[in-house]
1. Which whole-number percentage describes the relative contact order of the range 61-118, with Cα contacts under 8 Å and a sequence gap of 6 or more?
2. Out of [x] 1.11; [y] 0.97; [z] 1.44, which label holds the value of Rg/Rh (Cα atoms, Kirkwood Rh) that was computed here?
3. What Kirkwood Rh does the range 10-61 have if only Cα atoms enter the pairwise 1/r average? Answer in Å.
4. For the chain, calculate the relative contact order in percent as a whole number, restricting contacts to Cα pairs under 8 Å that are 6 or more residues apart.
5. With 10 angstrom as the radius, rank 35, 62 by how many other C-beta atoms surround their C-beta, starting from the fewest.
6. Provide the gained length on full extension for the span residue 43 to residue 91, in nm with one decimal, where the gain is 0.36 nm per separating residue minus the Cα-Cα distance.
7. Just how far, in whole angstrom, is the range 1-58 from the range 62-118 if you go by their alpha carbon centroids?
8. Say each of residue 32 and residue 15 gets a label point 7 Å from the Cα, pointing the same way as Cα to Cβ; how far apart are those two points in nm?
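Please treat every number below as a calculation from the coordinates, not as lab data. Every value quoted in this text rests on a predicted model; they were computed, and no experiment measured them. Virtual Cβ from ideal backbone geometry, glycine too; neighbours counted across all protein chains shown.
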C-alpha cells in the first residue's frame, strides 16, 4: 500500500530510533499495522509490561506524537545437535542469541521495517 496521509513525505532514514520509556507509552493512537494483534499489544500495554519485566527491550520510531513502528528484541539461545566448533575444541551445543520478538510498522510507512532491523 502506498503512503497516504499521516506519513506523506517522511524520510524515515533521518528519524531517531528511540528506546521505549514510560513517557512514550501513550503513543499509538491511529497506529495501523497489517497485524492487528501488534496494535492491540501496544495499546493494551503488553509491550511496556514486558519491558518492565526485563523480558525484552523495545525501540520505536515516532513522527511528532504518532507511533510509526516498533521492534522488540529478547535474549534467547540457539541449540544445535552437533558441536559446531568441535574442530576448535569447543564442545558447546548451546549458544547465546538475540531474537526479534515483534516488528510492527504502520502500513502507511515505507521502508521503516528495514530501518528498525538495521
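1. On the way: 80 pairs, mean separation 22.5, N = 58.
Once normalised by length, the contact order is 39 percent.
2. [x]
3. Values: mean 1/r = 0.0837 Å⁻¹.
Evaluated on the range 10-61, it is 12.0 Å.
4. Details: 183 pairs, mean separation 36.5, N = 118.
That works out to 31 percent.
5. Numbers: 35 13, 62 17.
Ascending Cβ contact count within 10 Å gives the list 35, 62.
6. Working: separation 48, 0.36 × 48 = 17.28 nm, distance 4.47 nm.
My answer for the length gained is 12.8 nm.
7. Cα centres, the range 62-118 to the range 1-58: 17 Å.
8. Distance between the two pseudo-spin positions: 1.5 nm.
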